[in-house]
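Enquirer: This is the structure I have questions about; it appears just below.
The values are calculated or read from the model by the stated rules, or taken from the named source; none is laboratory data. Note that the coordinates shown come from a computational prediction; the quantities given were computed from them, not determined experimentally. Glycine also receives a Cβ, built like all others from the backbone with ideal geometry; neighbour counts cover every protein chain displayed.
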Amino acid sequence: MRQQTVRFVVIASFLLGFISCGSVQAQDRGPSTAEERARAVKVAHDLENDPLAKDAKEQRAWVIQWIVDIPDITVNVCFDYFGKLPDPPRGYSTEIARQMVISSAAFMIEHPDKAKDEQAIALSGLLGSLKAYQAILKQDPDSRWMQMDKLVQMREQGKLDDFVSETRRKCKSNDDDQDPNTIRAQAFAQEPILAR
């Protein structure tokens, strides 16, 4: 029970860092627009490739708030993939963990036929985090995070999909208790989301 309480405090603190009172507006706003979805996908890929860009902080904040506010896309993310999140955050742990949320949303937009495939969404989100992590290491080699290095190794050995599946099961069992380490909105499949 104590571990669950500590976990709640850590995760709640993490989430409060990027969910503002704007979520009240989510009840009043309509579904996301094609332009917003296109921007979110572009931002997601830009952040995967250059998570330390000059405008990365603002872009990250916009897309996270957008995900919270929109009523038509759900991103359920369990942060257990990252092991024990540093509290307080160290290095770029916050940016890397948030990237999973952002990359998951981008995957759902780009692949509306898989918008309910939680395994594919989680795997894609984690791959986006790994890509961002490796981009960060190119700019700041001292930003190593042991858990991320393990995940890179799992990916290279072809074991990441199994790890995601196992971790999802653990998160699902925790979710039965309404675990606060997820971001929730409502998800509905829509007409084609991006004009190609």
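Enquirer: Report those helices (runs of 4 or more DSSP H) wholly inside the range 81-187 carrying at least 1 residues which are among the hydroxyl-bearing types (S, T, Y), at pLDDT below 95 and out of contact with any Asp or Glu (no Cβ under 6 Å at 6 or more places or on another chain).
Expert: So the answer is 93-110, 160-175.
Enquirer: Specify the residue that is farthest from K138 (Cα to Cα); the eligible residues are those in the range 85-114 that are crowded, with 19+ Cβ neighbours inside 10 Å and among the β-branched types (V, I, T).
Expert: Per the criteria, the residue is I109.
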